[in-house]
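The values are calculated or read from the model by the stated rules, or taken from the named source; none is laboratory data. In this text the structure is predicted, and so the values were computed from the model without any measurement. Using ideal geometry, Cβ is built from the backbone for each residue, glycine included, and neighbour counts are taken over all protein chains shown. Accessible surface areas use protein heavy atoms only, side chains included; no ligands, DNA or RNA. Shrake-Rupley method; radii C 1.70, N 1.55, O 1.52, S 1.80 Å.
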Amino acid sequence: MDNFGSMGNIQQYLQGINFPAQKEEVASGAEGNGAPQGIVDQIRNAATERFNGPQEVVQAIGGGQ
């Protein structure tokens, strides 16, 4: 079950973030864009320290296929 919504919904929280970006930059940017705390926490707890693009973020938090 996907509690975070579709990939498009997640990507709206990543707008304005310049990739590649460090995990904390992505988490802070998503938080500033109104992402639910659960998504922000998932980003902060991701196994990677750096994301090369929004697709990697979506995959890391389980929203991608």
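Some points to look at:
- Residues located in region 48-65, provided they are modelled with pLDDT of 95 or more and open to solvent by 80 Å² or more (accessible area, probe 1.4 Å): GLU49, ARG50, ASN52
- Residue match in region 55-65 (condition: touching a residue at least 60 places away in the same chain (Cβ under 8 Å) and not hydroxyl-bearing (Ser, Thr, Tyr)): yes
- Entry remark, region 26-54: residues being among the basic types (Lys, Arg) and free of Cβ contacts under 8 Å to residues at least 24 places away in the same chain number 1 in total.
- Region 1-33, residues that are at pLDDT 95 or above and among the aliphatic types (A, V, I, L, M): LEU14, ILE17, ALA21, VAL26, ALA27, ALA30
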